[in-house]
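Novice: Here it is: the structure, laid out below.
Rule-based calculations on the coordinates, nothing more; no lab input. The model shown is predicted, which means the values in this text are computed figures rather than measured ones. Here the Cβ positions follow ideal geometry from the backbone for every residue, glycine too, while neighbour counts run over all protein chains shown.
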Amino acid sequence: MQKSLNIDPGKCTGCRQCEMACSYEHTGSFNTSDSRIKIFEFHHEGRNVPYTCTQCAEAWCLNACPVEAIKLDSLTGAKVVSESVCVGCKVCTIACPFGTINYKQETGKVQKCDLCGGDPACARECPTGAITFVDADWTGLDRMRQWAQKTDTQAQA
Amino acid sequence: MALARKLLRVNLTQGTCVVEPVNQDWVKQYLGQRGLATKYLASEIDPKVDALSPENKLIYTVGPLTGTMAATGGRFSVVTKGPLTNAIACGNSGGYFGNELRSAGWDMVIFEGKSAKPVYLFIENEKAQLLPAEDFWGKSVWDTEGGIKKKHQDPQIRVSCIGRAGESQVLFAGIVNDLHRAAGRSGVGAVMGSKNLKAVAVRGTQGMSDIADPKAFMAAVKAGKKVLADNPVTGQGLPKFGTQVLMNVINEMGASPTRNHQDVEFAGARKISGEAMHEKRETDGKTHLVTNQACFGCTIACGRISRIDETHFSVKTKPEYWGASGGLEYEAAWAFGNANGVDDLEALQYCNLLCNEEGMDPISLGATVGAVMELYELGIISKEEIGFEAPFGSAEALCKLAELTARGEGFGKLLGQGSKRLCTKYGRPDLSMTVKGQEFPAYDGRALQGMGLAYATSNRGACHLRGYMVSPEVLGIPVKMDPKATEGKPEMLKAFQDATAVVDSTGLCVFTTFAWNLGDIQPQIQAACEGDWSMETLLATGERIWNLEREFNLAAGITGKDDTLPPRLLNEPCKTGPQAGMVAQIDKMLPIYYELRGWNTDGVPTTETRARLGL
């Protein structure tokens, strides 16, 4: 069964533990500029919003890549960049409607979320539950439960 | 590795930026941040220099855990000689700036001299340059941060800067980063202004890759986070109510200094408390508090983001204040509220926003307004001098005085000198609620005997963040102590002062110590840094830092005679509440404290103490 990252911005405090965890998982160093997940602060609204790749089913990045450097990880559902194949042409960064695949000057390759092979570090380290890793068929489950709780539960006679 | 990288020496007179290695012998003795920067400052300037002269230096500094995954590992400090106290000044701030500076590869930036024209330092990783700041001079913190990001077309730049208060050298001007976090106290912003240095803007993309033992580090960090999450203060109280969780607690203890320390209980405390910030307003049906906010790496998230009431008199014609922004934290709420007898939450937030916008310490500003209001009620300062009536309890007067101070206009010029200079000018220095020239924060030194001693002996003047005796005397951390008792307080205070000096040198936030003791922090430092960072080493380091600061102050001309409290705290007992009848009994505790410290009866470290600590 595949899982998806599920993000609830209402719970995000803006601490960047997810960004640090992401960079540490992928590079072994603490560097938010290497993170595949990004927190956006809307200060005057009092909102922090984590944002990353949703692993589209029909992935624009994957379809746009001229050298087939982006492949589906059939186990996790992640669209994964093969650095050895990527030529740094950036077409995928233009194709992605959400901006979640980006070219890195240092490596000359693109990088995106790969779900850490099935155990995403961002979700593991988020201290507030703003980022969770849940059943990919049931990302709406928590919200459904909240609404379900509000319904009239009195049994009809 | 710990602080083994490099420092940037910026000579503002000559306009040069030079790279230097960090002194590794000093790292072994002083760890980083507060400790290490104080060592640099004490070694490089004459402690007697005028704090606002080019001979003073200003040091930005991070700790070994800044920019790591350690919970709260995002702190940085600004160390200089302070103009308010003429003592060592060290302002500590959170937000995201500290990580950015470290991620750019710098452990320290030393500013020396004075620029002929306004400049700002722009750092992009290894590249550092001084750029003209004429376009930003005269602008607020908020406009400067926005302006620098726009000029460089990079929203990811982090900015630490002064507002107009720092430019006009308000003696309690702070340095603000990320719009609402501040190296707030002791006038570090006035020193920055005196150097014509408007801002430090940083973009760092190198990160931290030199942790000594990554596996052990991640294990220690994980264990530390669990302790914070499981603790009722750091896991529940602080995230929900922020430091404002203390407003009702301290007031009910009869330990809330009110109306310039005339009283110790404030009837309006409930209306300006953390709980009140969660309640819906009558005017617009919204809560004052919008959300809590973390600083970099922080799993506590005590920060407050609030939205002011648009219909309030202070802002109803000023939409620029209507958006959500930082505040109120407990100290600011107390300083604008209790200290002045003002129970109007929105007015307090307006003053707090002014402090963020123009870069001022809300504690010193609020407490100085309290002194003005007492002098006004005594008829010593007239309505004509101030420009309007200023009795205790007047939210209108508070807001106007805050505005005048921020802009350096009219009576605000005098107010910007702090309460010691202001009260002295009017012939009533006894009414200045200060130690070594710095205003008290939100705990009464009569009601809490240990806090009284902490204030009297603090190396940066009256301050709660040098030895937080509120923990044992109110919260029972690590053990419950009777606030009225003097026994055991010097011992506990020394332990708190030394441990706090360590925490302030790591890159971590001192608020972790509501849950953590040094034993929780030690494994994180040991795993991150090379060399010996055992408990014994850390405790010795803390004591060494404390004594180094003490020696700086002694050399600056401050003596044991300055280890005291205003006569009001020594002679006028708490009038009401659980601590009624109490005065601060410094005389009972100070000799014991000096002896514990290994100082002579004049408060000077003995030759043996200096030798033992390697000073």
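Novice: Sort largest first and round to whole Å: the equivalent ellipsoid semi-axes of segment A:1-143, each the square root of five times a Cα gyration tensor eigenvalue.
Specialist: Rounded to whole Å, the semi-axes are 24, 18, 14.
Novice: Another one. Of B:Gly189, B:Ile175, B:Asn231, which is farthest towards the positive pole of segment B:97-243's charge dipole, taken about the Cα centre with +1 and -1 on the beta-carbons of Lys, Arg and Asp, Glu respectively?
Specialist: B:Asn231
Novice: With a 10 Å Cβ neighbour count serving as the proxy for reagent exposure, in which order, fewest first, do B:His261, B:His288 appear?
Specialist: B:His288, B:His261
Novice: Helix-derived [θ] at 222 nm for chain B: sum -39500 (n - 2.57) over DSSP H runs of at least 4, divide by residue count, nearest 500?
Specialist: Rounded to the nearest 500, the figure is -10500 deg cm²/dmol.
Novice: Let me ask another. Specify the angular offset, from 0 to 90 degrees and rounded to the nearest 10, of the alpha carbon long axis of helix A:17-27 from the longest principal axis of the alpha carbons in chain A.
Specialist: 30 degrees
Novice: Going by alpha carbons, how many degrees (0 to 90, nearest 10) lie between the helix axis of A:141-150 and the longest principal axis of chain A?
Specialist: 20 degrees
Novice: Report, in debye and to the nearest 20, how large the dipole of segment B:487-557 comes out about its Cα centre when Lys and Arg carry +1 and Asp and Glu carry -1 on their Cβ.
Specialist: Rounded to the nearest 20 debye, it is 160 debye.
Novice: Give a quick list of trypsin sites (Lys or Arg not before Pro) in segment B:451-517 that DSSP marks as loop, anything other than H, G, I, E or B, with at most 13 other Cβ atoms within 10 Å.
Specialist: Those that pass, being in a loop and sparsely packed, are B:Lys480.
Novice: Of B:Gly285, B:Gln526, B:Leu345, which is farthest on the positive side of the dipole of chain B, counting Cα position, with +1 on Lys and Arg Cβ, -1 on Asp and Glu Cβ, and the Cα centre as origin?
Specialist: Farthest towards the positive end: B:Gln526.
Novice: Shifting gears a bit: Return the average number of partner chain Cβ atoms within 10 angstrom of each residue Cβ along peptide A:22-32.
Specialist: Across the residues of A:22-32, the mean count of other-chain Cβ atoms within 10 Å is 6.
Novice: Counting only other chains, and only Cβ atoms inside 10 Å, what mean value do you get across the residues of B:289-301?
Specialist: 6
Novice: Name the residue from A:Ile70, A:Ser84, A:Thr100 whose Cα lies farthest towards the positive end of the charge dipole of segment A:55-112, charges +1 on Cβ of Lys and Arg and -1 on Cβ of Asp and Glu.
Specialist: So the residue furthest toward the plus end is A:Thr100.
Novice: Which net charge results when you count Lys and Arg as +1 and Asp and Glu as -1 among the other residues whose beta-carbon is under 15 Å from that of B:Glu595?
Specialist: -1
Novice: Classify chain B from the C-alpha gyration tensor, please: rounded if a/c falls under 1.5, else prolate or oblate depending on whether a/b exceeds b/c.
Specialist: Rounded, because the longest to shortest axis ratio a/c is under 1.5.
Novice: Using a cut-off of 12 Å between beta-carbons, work out the net charge of the residues near B:Asn86 (Lys and Arg +1, Asp and Glu -1, B:Asn86 not included).
Specialist: Counting the neighbours of B:Asn86, the net charge comes to +4.
Novice: Binned at 20 Å from 0, what are the whole-percent values of the Cα-Cα distance distribution for the protein assembly as shown, short to long?
Specialist: 17, 51, 27, 5, 0
Novice: Which lysines have a Cα lying under 17 Å from the Cα of B:Lys6, excluding residues fewer than 8 positions away in the same chain?
Specialist: Reachable lysines: B:Lys28, B:Lys39, B:Lys127.
Novice: With +1 on each Lys and Arg Cβ and -1 on each Asp and Glu Cβ, and nothing else charged, work out how big the dipole of the protein assembly as shown is about its Cα centre, in Debye to the nearest 20.
Specialist: That gives a dipole near 720 debye.
Novice: Using every pair of alpha-carbon atoms in segment B:6-203, split the distances into 10 Å bins beginning at 0 and state the percent of pairs per bin, rounded to integers.
Specialist: For segment B:6-203, the binned pair fractions read 10, 41, 40, 9, 0 percent.
Novice: Would you mind pulling out the separation of the Cα centroids of segment A:89-110 and segment B:537-581, in Å?
Specialist: So the two Cα centres are separated by 57 Å.
Novice: Please give me, ordered by residue number, the GluC sites (Glu not before Pro) of segment A:1-92 that lie in loop per DSSP and have at most 14 other Cβ atoms within 10 Å.
Specialist: A:Glu58, A:Glu68, A:Glu83
Novice: Moving on. Once you charge only the Cβ atoms, +1 for Lys and Arg and -1 for Asp and Glu, what is the size of the charge dipole of chain B about its Cα centre, to the nearest 20 debye?
Specialist: Once rounded to the nearest 20, the dipole reads 760 debye.
Novice: Under 10 Å from the Cβ of B:Arg407, count the other residues' Cβ atoms, weight Lys and Arg +1, Asp and Glu -1, and hand me the total.
Specialist: After counting each charged neighbour, the total is -1.
Novice: Mind listing which trypsin sites (Lys or Arg not before Pro) in segment B:33-110 are in a DSSP loop and have 11 or fewer other Cβ atoms within 10 Å?
Specialist: B:Lys48
Novice: If the limit is 22 Å between Cα atoms, which of B:Lys48/B:Lys413; A:Lys79/A:Lys109; B:Lys195/B:Lys420 go over it?
Specialist: Cα-Cα > 22 Å for B:Lys48/B:Lys413; B:Lys195/B:Lys420; rest within.
Novice: For the modelled label position 7 Å from the Cα of A:Glu45 along Cα-to-Cβ, which residues of segment B:313-337 have backbone nitrogen atoms closer than 19 Å?
Specialist: Those under the cut-off are B:320-326.
Novice: As a check on your grasp of the helix formula, calculate [θ] at 222 nm for chain A: sum -39500 (n - 2.57) over DSSP H runs of n ≥ 4, divide by the residue count, round to the nearest 500.
Specialist: That calculation yields -6000 deg cm²/dmol at 222 nm.
Novice: Cα to Cα, under 17 Å, and not fewer than 8 places away if on the same chain: which aspartates and glutamates meet these conditions relative to B:Lys316?
Specialist: Reachable aspartates and glutamates: B:Glu282, B:Asp284, B:Asp344, B:Glu346, B:Glu396, B:Glu403.
Novice: Within 10 Å of each Cβ of B:213-223, how many other protein chain Cβ atoms are there on average?
Specialist: Mean partner-chain Cβ count within 10 Å for B:213-223: 1.
Novice: Over all directions, what mean area does the Cα convex hull of segment A:55-112 project, stated in square nanometres?
Specialist: 3.6 nm²
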